[in-house]
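Engineer: My structure is below; once you've seen it, I'll send some questions.
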Amino acid sequence: MTATPTLKRIDEARGESLENVFRTLFPDDDCVTGVDDQTVREALRHCRGEHLFAQLERKLGGQPLSARQKGHLQLARHVLRAYFAQPAFHPDLARALLAETGALLAGALTPGGWLTQHTRDPVHELLTLAGRVGIGWSPGDRRADETRDMLCSWFRALGRDGDSQTVVVAARARVADFDQVCERRVASVRGRHQGLSAADARRRAARVIDEKLAGRHQPPFMASSLHKDWWPALQRVFMQEGEQSERAARLVRVLGLVIWALQPREHVSREVKKLSRVAEDISLELPRVFAEVMPEEQPREDLVDRIEVALYSIIHGRQVPREAVVPVEENEPADVPTEHSDEHAQWFERSADAQRMWLLSGQDDPDRFFFDLFGRRVLHCSPGEARGKLQSGELRPIPTPVSTPQLVRTHLNQLKRRTRRGRLRRQQAPPARAGSW
């Protein structure tokens, strides 16, 4: 009987191929006549559903597997379970896909198969393609069953088609179809939101504010709001709809009116009289316009209150503290998110209904557009609203799945560590019953 692998033999195998490491970790038992690999592979290709190994034992009629075969299959099972257990796969989809992995387990026994080929084997690419589609799978989507069945059919095809590359080529074509449909629908949404480029919108918004200021001093709260709230809001509208849109014109008109009202030429009585006439209109207009400038309700109400108090004080001849406003073009918009913000993760899941969506807008875009797997827009919100949804947990970022080659290396290292820790214990244990798992 072949001896249990020693630490020296395991250490020597570190720099060799994965196949040599397998031979070191799972040596064949010369006293056990096992089933040949081809028979095991054919049996596995017909195993579907849960408890694949139990099905395999029944199909083999109780004939024992060799230690090497058990090692390959156990490692493959651990890798596949770990891959589909990642957050990228909804649990319902993961269960359905795991039930179709009999052909993938069979491939683990193929000479030079996917367990021993880091990235070159088509199985790794097929699993990656399944991850690209699976990360957007939502159980409530009207095409959820169709998409799940398509992914399952890829794995079933491995059991029918001897050429795994043929299966991968067909899967690539289906993913390309998804991408094309999605791109057309996204382009349609973008077409309805034409405006200036991000850089032009930023410059033009800054120039509008500076022109409206015309050197006027403003109360400190307004000087801060011009940079923090008004500039990003104008940039967003200019990018979405253009500078000549109705919403842009309304924002610019109200901005100019508020800036003038907070510093009229107080020594000229007709300026104050004019302010008295328009103050009520300003108070009525501010909440509606500010809803577009400041998405968060409480800061918006505080700013409106401060403006109304300042207007009342000016009308009644009371002093209102003011300061010079730094030209807006000298600063950057406060709400442009950083490069590493969670808001820029590729995929998100809405906690209320498990709807998965991907983010279209990037760092320079004014709003956040979220689309499902098929390119349908499911959410449109401002950057502030998107941040609020992330902070509250209403939206959860979904990490990209770790690749199967990396999982193979991780689990193989775990096997090596477990082999080292249990070496003496296995030497002293009685022989295992033939055919046991």
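FYI, it's all coordinate maths here, none of it is from the lab. As the structure is a prediction and not an experimental result, all values here were calculated from the model. All Cβ positions, even for glycine, are placed from backbone atoms using ideal geometry, and neighbour counts span all protein chains on display.
Engineer: Could you calculate the FRET efficiency of A214 with K274 from 1/(1 + (r/R0)^6), where r is the beta carbon distance between them and R0 is 22 Å, rounded to 0.05? Write out the running numbers ahead of the final one.
Structural biologist: Numbers: r = 17 Å, r/R0 = 0.77.
Once the sixth-power term is evaluated, E becomes 0.80.
Engineer: Next question. Fully extended, how many nm does the chain gain between R142 and R156 (0.36 nm per residue separation, minus their Cα-Cα distance)? Don't skip to the answer; put the middle values down first.
Structural biologist: On the way: separation 14, 0.36 × 14 = 5.04 nm, distance 2.34 nm.
Working it through step by step, the gained length comes to 2.7 nm.
Engineer: If packing is taken as the mean number of other Cβ atoms within 10 Å per residue, what is the order of 314-320, 301-307, highest first? Show your work: numbers first, answer last.
Structural biologist: Values: 314-320: 12.7, 301-307: 15.9.
Output ranking for 314-320, 301-307: 301-307, 314-320.
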